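Scroll down for the structure; my scribbles are underneath it.
The values are calculated or read from the model by the stated rules, or taken from the named source; none is laboratory data. As the structure is a prediction and not an experimental result, all values here were calculated from the model. All Cβ positions, even for glycine, are placed from backbone atoms using ideal geometry, and neighbour counts span all protein chains on display. To get the accessible areas, we keep the full protein, side chains included, count just its heavy atoms, and leave off ligands, DNA and RNA. Shrake-Rupley method; radii C 1.70, N 1.55, O 1.52, S 1.80 Å.
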Amino acid sequence: MAAYRSAAGFQRVFRCMMENNSYNESNDLSNDLICHVIKTCKKMGIKTVAVHSDVDSSAVHVKMADEAVCVGPAPTSKSYLNMDAIMNAIKQTGAQAVHPGYGFLSENKEFAKRLEAEGVTFIGPDTHAIQAMGDKIESKLIAKAAKVNTIPGFDGVVKDAEEAVKIAGEIGYPVMIKASAGGGGKGMRIAWNDEETREGFRFSSQEAASSFGDDRLLIEKFIDNPRHIEIQVLADKHGNALWLNERECSIQRRNQKVVEEAPSTFLDPDTRRAMGEQAVSLAKAVKYSSAGTVEFLVDTKKNFYFLEMNTRLQVEHPITECITGLDLVQQMILIAKGYKLQQKQSDIPINGWAIESRVYAEDPYKSFGLPSIGRLSQYQEPLDLPNVRVDSGIQEGSDISIYYDPMISKTSPLIYYCVTHNIPLLREIIVHPRFVSGDISTKFLPEVYPDGFKGHMLTAGERRELLATAAALYVAVEIDGEKVEVSGEWNLASALLPITINGKHRNLQCLLRTAAGEITLQYLGTSFKLRVLSKLAAYLSKHMPEKIPEDTSSILRSPMPGSVVAVSVKPGDNVAEGQEICVIEAMKMQNSMTAAKTAKVKSVHCKAGDTVGEGDLLVELE
């Protein structure tokens, strides 16, 4: 390795938690941030080492780093949570520091202690702050003592499901059941009654144990219809701390963020300052030193309540960098080495406005996003557009697997092939009148799409544009008696079709085109299937038999790829409509599969531990 020292005093930064295609702001993987860290280290003259599981050996971050070490097979318990393997890699490479990204061990105090014992710098806060803020019960007590507004709730550990029901009744429904350790939407359930509390306790404790190795839960009052607004803080080892303005993170599904913006259109300067000062007060109370995020729930009257503190960098940190001009990774490295903050609070600006869209390998038409897997056979980022930043750690050929979280990149790329993604949903969110006007809350998605997301609803004019474009790929067209001008120098070998329709510029994607006239176009973010037929073929198609849809009330198929965690029935059992039949875990989220009708179980085609694909038959009913 290099025999020189960088400005920050490190020769080599060892990057742990470097993985291929699983990114989430919870304790999961962080390949987009890994690439950011490696780029920043290169600018600072610091050599880097990446660790990876065997399935991530061809990941982008592995190629970018100066060295790479495999720490085990795909299952996280055998690789990215295997501290012994990671510590051996540190010793093997002689690394001086570890940046954990926002990965599995980024908020693990035991990992930080082991690094300290070996004289290796942890680029993050000390173990006291990690423990204090990583435990939601302890952090809430500390927040109260620091005069930070908190949510009413039970400040102890909930022992079992029946105690959870008792506590929920005392607090008053609705309540939030959530993991004491970790964050990012994992191990969280909202309960509106006793039955949902029992079920929420079971799922939350299982997810918490799987994600964080800690199944302790707490219960607090659920603030209905709030905004989720967080404050970015930055603190050094000399007692200095700053708040770097806020991020609005209210657009969520399953308690996980989808679209974020900075600054929030809702906050006024006084509320922003009050939230920032309370965030800094909490950071100083635990002698925090590094980048961190204090999350709040904000009601319609701008009352705000402490939710949690994440003692790591967040997925959405780029929008803070955009409006402040600071490189938060660079700041973390400098702070870890002992440098003082060079900025004062008055130096922190709000320059413009930034928005981040999280592109997930998910099907947005299923519960706003159930996991999807596959290989990225084609991938293209909009790097030619002004004021656009794309943070990703993938490339053409990258595999999206069931092992890790489904985030692909941040800020929508233009092209994805062979992996179902949520770009149609992202596009509809950012052009929706409620989002444009700032009228949002954490209930935005279920309120705007009460029957689920269905894609872009075409106006009459947009329908003509789409039909004209499809037909223009074969012949010149006239739609509904109206001539539609479609022009452009498109290449059918290219996925993108930059065209002009009646004078309006559009970018479409041609996802499928056959000689039989079948064509699939992605238009205004949504994929549409069309057919362009001759008059004779159109006439004859009316006489073709239609495929009879499958009776889904008598069968249960897996809606996503994943692993079977539990099967609750056996052949001959009687089940009621809505009764749980099995549980599927996909990308570290557990999903209860239920019966569509009251019936007797005819056959069971899966068992606990099985890996299933999307559409696989699980259970048949009589």
Carbon plus sulfur, as percent of the 1.4 Å-probe accessible area of the stretch 472-584, comes to 53 percent
Per DSSP loop assignment and a cutoff of at most 15 other beta carbons within 10 Å, the chain keeps its longest run without exposed chymotrypsin sites (Phe, Trp or Tyr not before Pro) at 5-191
Excluding ligands, DNA and RNA, the carbon-plus-sulfur percentage of the accessible area of the stretch 227-448 with a 1.4 Å probe reads 51 percent
Farthest towards the positive end of the dipole of the chain, among 303, 487, 40 and with Cβ unit charges of +1 on Lys and Arg and -1 on Asp and Glu, lies the Cα of 40
Relative contact order as a percentage, the chain, C-alpha pairs under 8 Å and 6+ apart, gives 11 percent
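Among 227, 189, what's the order by accessible area (1.4 angstrom probe), most exposed first?
Per-residue accessible area, sorted high to low, gives 189, 227.
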Taking protein heavy atoms only, a 1.4 Å probe, and rounding to whole percent, the accessible area of the stretch 152-221 owed to carbon and sulfur comes out at 50 percent
The farthest towards the positive end of the charge dipole of the chain, of the residues 468, 611, 530, given +1 on Cβ of Lys and Arg and -1 on Cβ of Asp and Glu, is 468
Options (i) 25.6, 81; (ii) 27.5, 81; (iii) 27.2, 98 for Rg and Dmax of the Cα atoms in Å; the value derived from the coordinates is listed as (i)
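Could you provide, to the nearest whole Å², the per residue accessible area of the chain with probe 1.4 Å?
Numbers: 25530 Å² over 622 residues.
Solvent-accessible surface per residue comes out at 41 Å².
Among 384, 551, what's the order by accessible area (1.4 angstrom probe), most exposed first?
From most exposed to least exposed: 384, 551.
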Heavy-atom accessible area of residue 432, protein chains in place, probe 1.4 angstrom, given in Å² to nearest 10, is 50 Å²
Over the Cα atoms of the stretch 461-542 the radius of gyration and the largest Cα-Cα distance (Dmax), both in Å, equal 12.3, 36
Note on the chain: helices (DSSP H) long enough, at least 27 Å by alpha carbon along their axis, and hydrophobic enough, mean Kyte-Doolittle at least -0.5, are none
With the charge dipole of the stretch 227-448 built from beta-carbon charges (+1 for Lys and Arg, -1 for Asp and Glu) about the Cα centre, the Cα from 288, 264, 359 projecting farthest to the positive end belongs to 288
FRET efficiency (residue 431, residue 380; Cβ distance; R0 35 Å; to 0.05) is 0.95
Expressed in square angstrom to the nearest 10, the accessible area of residue 600 with a 1.4 Å probe stands at 90 Å²
